[in-house]
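**Student:** Quick one: structure below, then a few questions.
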Amino acid sequence: PSPANAGPAPGPPDGGWGWVVVFGAFISIGFAYAFPKGIAIFFKEIQGFFDTSYSEIAWVSSIMLATTYGAGPISSILVNRYGSRPVVIFGGLLCGIGMVSAAFCTSILQLYICVGFITGFGLALNLQPSVIIIGKYFLKRRPIANGLAMAGSPVMLCTLAPLNQFLFDNFGWRGSFLILGAILLNCCVAGALFRPIGAPKIQSNEEVKEVLKEEVTKDAMEMNSSTNIPVETKPEEEEAKDCCEKINKYLDFSLFKHRGFLIYLIGNVLMFLGFFAPIVFLAPYAKHIGIDEYSAAFLLSVLAIVDMIARPATGIIANSKWVRPRIQYFFSFSIAFNGACHLLCPLASGYKGLVIYSVFFGLAFGMVCAMLFETLMDLVGATRFTSAVGLVTIAECCTILLGPPIGGTLIDTFGDYKYMFIKCGAVMVLAGTFLFIMNYYNYRMLAKEKRKAKEEDPKSVRTESEGRNNLNKDTVQDGPELEPLREEQERLKKEVNGT
């Protein structure tokens, strides 16, 4: 139905088909987050095949992650225009095409294009729509739903890490890329589950006629009341205003005036400088110190299993009455905890030490990912969340792009992985501390503004009621004197109705 014939959209059902949507988001978010990490299994062999350095091969994951985040505004615009379902299905097709094309690459530059840009853009069209549609289906249970959907990342990573090693041993990296391209087409199936919420109410012809009649009457009254007011036409200003309105319809740039949004944006941009590099280099680091391939891949599985448990558990904790009112503090602690794990990683000696590191890293990583979008929605609300996701991801893509290559450069320069882990840990502890301090300031300001509003509201209500009482008294006292004015007012109303 056309917008003129559609009634208000129904509210979030907090259940029902929403749980099927969560399952679809579980698949699409899982591929979007886990695939750039799981593909690191092939890096050491591809590095030897193309004779490249650590920093050069790290650009494959960096470009993929940066494209996934940098294409956020495009994904948000497409979701606002077409809805989540067609966007995710199209993204799944792009993922399959990108990986199949990568199987025939003959240079590292071609891998950057096929795996980095094409597959990364397809993953972007899977990530944002999946997160956005959960906010439309859930309100009260939203932290739990987000936690369950975000658990798709560790489940996929736990599956992809040994699967990729098995595929490489049997089919080589080219054959593995062909099979992975076919597996990524399952994102199209996940997108098919994203049924638009509810169905708008269709008005009858009689109701439409009544609405149109009321609008015509209202326009006539406005024209009669403004016959003596000169109207100036400003076509250029109106066109500029229309253009700005069209842009703001898809991306709300007024969010840059939102204090909480700016705090979240700065903290996350800093955090992502050290967020993904440790996962990308964990398996190559294990191989570097003499651990066999399957044991190195198993470290990612350990991380993923703990992450799998941590995400829904974090969602349940974040939904509790003690944590949800101050969820930003919990998010800040999770980021700082993540950084502390990386700082302690160089102390881990041998395979057992790396397993312990993977357990704590998986716990911290799951806590951050479970609340990554929930905290943003808590700050800006569900209505502005679509635009907020797009603006945040485009800002984050720069540090996501630079994170792994900087880590690879440190490895090439010093010949040791510990400096990469120390850099990532220091950056994330700094980001967590910044968010904690600034969120404390934001909560203080919000409480102050709320207290000020409460102090002002009773005065305005009392003044309004006193004015109404005085008006009633004047009307009663001066009733006979105002009688001619009332008659004149009635006569004007009749003339307008006649017109």
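**Student:** I'd like to know which of T52, V131, I197 lies farthest towards the positive end of the charge dipole of the range 12-197, counting +1 on Cβ of Lys and Arg and -1 on Cβ of Asp and Glu.
**Tutor:** Of the listed residues, the answer is I197.
**Student:** Hey, another quick one. In Å², and per residue, what accessible area does the range 12-197 have when probed at 1.4 Å with the other protein chains present?
**Tutor:** Value for the range 12-197: 33 Å² per residue.
**Student:** Turning to a different aspect of this structure: If Rh is defined by the Kirkwood formula over all Cα pairs and Rg also comes from Cα, what ratio Rg/Rh do you get for the range 325-380?
**Tutor:** Taking Rh as the inverse mean 1/r over Cα pairs, Rg/Rh reads 1.11.
**Student:** A further question follows. Please list the non-local residues whose amide H lies under 5 Å from the amide H of L139, H modeled 1.01 Å from N, same-chain partners needing a gap of 5 or more.
**Tutor:** D14
**Student:** For the range 24-66, list residues with backbone N below 17 Å from a point placed 7 Å from the Cα of F414 toward its Cβ?
**Tutor:** 54-55
**Student:** On full extension of the chain, what length is gained from R444 through L139, given 0.36 nm per residue of separation minus the C-alpha to C-alpha distance?
**Tutor:** So the chain would gain 107.3 nm between R444 and L139.
**Student:** Sorted by accessible area with a 1.4 angstrom probe, largest first, how do K44, K450, K352 fall?
**Tutor:** Accessible-area ranking of K44, K450, K352, largest first: K352, K450, K44.
**Student:** Over all distinct alpha-carbon pairs, what is the Kirkwood Rh of the range 12-197 in angstrom?
**Tutor:** Result for the range 12-197 stands at 16.4 Å.
**Student:** Calculate, for K257 and V20, the FRET efficiency according to 1/(1 + (r/R0)^6) with r their C-beta to C-beta distance and R0 51 Å; round to the nearest 0.05.
**Tutor:** 0.85
**Student:** Another question, if that's okay. Indicate the gyration tensor shape class of the range 347-411 (rounded, prolate or oblate), computed on the Cα atoms with a ≥ b ≥ c the square roots of the eigenvalues: a/c under 1.5 is rounded; otherwise a/b larger than b/c is prolate and the rest oblate.
**Tutor:** The shape class here is oblate.
**Student:** A follow-up question, please. Multiplying the sequence separation of L185 and Y82 by 0.36 nm and subtracting their Cα-Cα distance, what value in nm do you get?
**Tutor:** Stretched fully, the L185-Y82 segment lengthens by 35.1 nm.
**Student:** The range 88-162: D in µm²/s via Stokes-Einstein (Kirkwood Rh, Cα pairs, 25 °C, 0.890 mPa s)?
**Tutor:** It diffuses with D of about 176 µm²/s by this estimate.
**Student:** Hey, another quick one. Place the peptides 266-278, 79-91 in order of packing, highest mean first, counting for every residue the other Cβ atoms within 10 Å and averaging per peptide.
**Tutor:** With the highest mean Cβ count within 10 Å placed first, the list reads 266-278, 79-91.
The values are calculated or read from the model by the stated rules, or taken from the named source; none is laboratory data. Not measured: the values here are computed from a predicted model. Neighbour counts run over all protein chains shown; Cβ positions are idealised from the backbone, glycine included. With ligands, DNA and RNA removed, areas are computed over all heavy atoms of the protein, side chains included. Shrake-Rupley method; radii C 1.70, N 1.55, O 1.52, S 1.80 Å.
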